[in-house]
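See structure below.
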Amino acid sequence: MATLPPSLQARLPDLILATEHLLAERRFNLWLPFVKLLEPPPGGGIIPFQPWSHLVQLAQELQDHRLLALVKARQIGVSWLLASYALWTALYHTGAVVLLLSRGELEAGDLLDKCRFIWGQLPPDLQRRPGTSSASEMNFPSEHSKIVALPSTEEAGRSETATLVIQDEADHHEHLAANFAAVKPTVDAGGQLVLASTADKRKVNSLFKGLYRGAPANGFKALFYGWQARPGRDEAWYEATRKAVPSTAGMSPELYMEQEYPSTAEEALAPSQAVAFFQRGALVSMLADCKDPVEMTRGGLVLGWRKPVVAGRYIAHGDCAWGEKGSYSCLVVADWQTGEQVAEVYGRPTPDEAALENVKLCRLYNEAYVGIEENGEGKVIVKKMHELGYGSRMYCRTPDHPLHGERSWLTDPGTRPVMLAELEEAVRMRLIVPRCRDAISEMMQFIRTEGGRPQAAEGAYADHVMAWAGLWQVRKRASFGGQPLKVINVM
């Protein structure tokens, strides 16, 4: 191997560093090793960027996705990373306009101060000469770029078409909807929009939660990082933090921890227990019993958790819909005796496909006794299931009526309160065993409105909830071998 001339060997470290700087300007994740942050006492003072796994992942997501909705716990380094990304975008993208929208003027200034601090600690070769700065702006004339920090007012962001918009603690913004409308031209023009926040438990139907729940169908990439994301945190840390919640927090220690330090996205997005329909503790316990399906067919439309057993008795109920948007069609199959979920059909199939898959699954589970909600699209599916020869195993509102139109479950103002109230009891008493995580997530986002009506929170679905509510009613009316059986609850 040829040996480098001594003069080139002496310059080699500088050449390598110059190459690293050039690559860092082009790739955010390669720039982060040059970043230094400030951790005030009792922290470590000025420290290098900490490559915690969730921050490394988020850095990559910022480069891969234009629209991000991030639900997070507090003090896991996300704000510093977003400030770093804002600065990197302004430094190395000619003409870049970066907007930092925070819930108040102080918060907006704090995020911009993070950008200033990071810039001041960069190696000179990675800095760009700043122009005249102010409390709300940092600019770089040579790049014709700027970072503008604004509080969340109704007009914030309206006059700018930005390269990047970061809305920090978005769920706590008073005017988030107006801000979102103001920066929509940025999104339409191909700009990047990042919303990051802890969840505000006082808001059930917030735009931020709706954007998170609607991903990826709405174009957003949804991310969640809980309190465990930061290295060094364990159950002992969590308990000590809970005990130290000040009385001035304005909420119970339990609710405070759910809001500021959630462990799961479901916990973060769930409404406070004051408006939640189902008991939170029971749902959290049930979530631990959820499992990945052992079998998936029809492209994930049909999911199975446990195969049928000889002489097993099974029940099912379907909350049916179809179409590319809106509600999903959901049929839940469970063990009649134990209430354990064994399978489901979930998706947006056509009426023919929904009826066929419902019948096939019910036949597989020993001719399961099934109820199908006839409301809306359900009438068509009821008819098609009857035409497929499954009418004798379908719930019939008037058992002596021969017409298939009566072989269905009707959810109306009389039955709906009863079926939901009895499902709430079944959840609270742990009489059902859902295996599907989506079902528990829906139950966590099922609320009582100010008028007292139980329904899904805005942006959430209730297809699993209504399927389970109907199944619990069908269970009381199921017949096997021609005779209805007495229900015996097994705790």
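The values are calculated or read from the model by the stated rules, or taken from the named source; none is laboratory data. If you're wondering where the values come from, they're calculated on a predicted model, not measured in any experiment. Neighbour counts are summed over all protein chains in view; Cβ atoms, including those assigned to glycine, are modelled from backbone coordinates with ideal geometry.
With the checklist (1) assigned to a loop (DSSP other than H, G, I, E, B); (2) closer than 23 Å to Ala457 by Cα; (3) out of contact with any Lys or Arg (no Cβ under 9 Å at 6 or more places or on another chain) in hand, flag the one item Val309 doesn't pass.
Of everything listed in (1) assigned to a loop (DSSP other than H, G, I, E, B); (2) closer than 23 Å to Ala457 by Cα; (3) out of contact with any Lys or Arg (no Cβ under 9 Å at 6 or more places or on another chain), Val309 misses just condition (2).
Inspect segment 382-401 for any residue being crowded, with 24+ Cβ neighbours inside 10 Å and in a helix (DSSP H, G or I) and give the result as yes or no.
Yes: segment 382-401 contains one or more residues that are crowded, with 24+ Cβ neighbours inside 10 Å and in a helix (DSSP H, G or I).
Conditions tested, residue by residue: (1) among the charged types (D, E, K, R); (2) out of contact with any Asp or Glu (no Cβ under 9 Å at 6 or more places or on another chain).
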residue	(1), (2)
Leu410	no, no
Met419	no, yes
Glu422	yes, yes
Met429	no, yes
Arg437	yes, no
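When you check Val427 against the structure, is it of a type in the set (A, V, I, L, M, F, W, C), over 23 Å from Asp292 (Cα atoms) and either assigned by TED's automatic domain parsing to the domain that holds Glu258 or at pLDDT 90 or above (or both), yes or no?
No, not satisfied.
Failed condition for Arg348, given (1) touching a strand residue (DSSP E or B) at 6+ places or on another chain (Cβ under 8 Å); (2) touching a residue at least 40 places away in the same chain (Cβ under 8 Å); (3) surrounded by fewer than 18 Cβ atoms within 10 Å (Cβ to Cβ), with all others met?
The single condition Arg348 does not satisfy is (2).
For residues in segment 168-222 being surrounded by 19 or more Cβ atoms within 10 Å (Cβ to Cβ) and of a type in the set (S, T, N, Q), which is modelled with the lowest pLDDT?
Filtering first and then ranking leaves Thr186.
Here's a check for you: in segment 73-119, which residue that is in a helix (DSSP H, G or I) and among the β-branched types (Val, Ile, Thr) is farthest from Glu174 (Cα to Cα)?
Going through the qualifying residues, I end up with Ile118.
Out of segment 176-205, which residues are of a type outside the set (Ser, Thr, Tyr) and in a loop (DSSP other than H, G, I, E, B)?
Of everything in segment 176-205, those that are of a type outside the set (Ser, Thr, Tyr) and in a loop (DSSP other than H, G, I, E, B) turn out to be Ala189, Gly190, Gly191, Ala199, Asp200, Lys201, Arg202, Lys203, Val204, Asn205.
Per-residue answers, yes or no, for (1) farther than 29 Å from Pro271 by Cα; (2) modelled with pLDDT under 95:
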{"residue": "Asp289", "(1), (2)": "no, yes"}
{"residue": "Lys307", "(1), (2)": "yes, no"}
{"residue": "His317", "(1), (2)": "no, no"}
{"residue": "Asp335", "(1), (2)": "yes, no"}
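The rows are residues; the columns are (1) closer than 15 Å to Leu331 by Cα; (2) at pLDDT 90 or above.
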{"position": "His404", "(1), (2)": "no, no"}
{"position": "Arg407", "(1), (2)": "no, no"}
{"position": "Asp412", "(1), (2)": "no, no"}
{"position": "Ala421", "(1), (2)": "no, yes"}
{"position": "Trp468", "(1), (2)": "yes, yes"}
{"position": "Arg475", "(1), (2)": "yes, yes"}
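Looking at segment 225-264 only, could you name the residues that are surrounded by fewer than 19 Cβ atoms within 10 Å (Cβ to Cβ), among the hydrophobic types (A, V, I, L, M, F, W, C) and either in contact (Cβ under 8 Å) with a residue 40 or more places away in the chain or not in a loop (DSSP other than H, G, I, E, B) (or both)?
Within segment 225-264, Ala236, Trp237, Ala240, Ala249, Met251, Leu255 qualify.
Residue under question is Leu356, and the condition is that it be closer than 12 Å to Ile315 by Cα, assigned to a helix (DSSP H, G or I) and assigned by TED's automatic domain parsing to the domain that holds Gly318; does it hold?
The answer is no for Leu356.
Output the residue which, of all residues in segment 106-130 that are among the hydrophobic types (A, V, I, L, M, F, W, C) and in contact (Cβ under 8 Å) with a residue 40 or more places away in the chain, is nearest to Pro141 (Cα to Cα).
Across segment 106-130, the extreme among qualifying residues is Leu126.
Kindly indicate whether Ala149 is surrounded by 15 or more Cβ atoms within 10 Å (Cβ to Cβ), in a loop (DSSP other than H, G, I, E, B), in contact with a strand residue (DSSP E or B) (Cβ under 7 Å, 6 or more places away or on another chain) and assigned by TED's automatic domain parsing to the domain that holds Thr89.
No.
So if I check each of Leu58, Leu100, Leu122, which one is within 28 Å of Ala178 (Cα to Cα) and modelled with pLDDT of 95 or more?
Leu58
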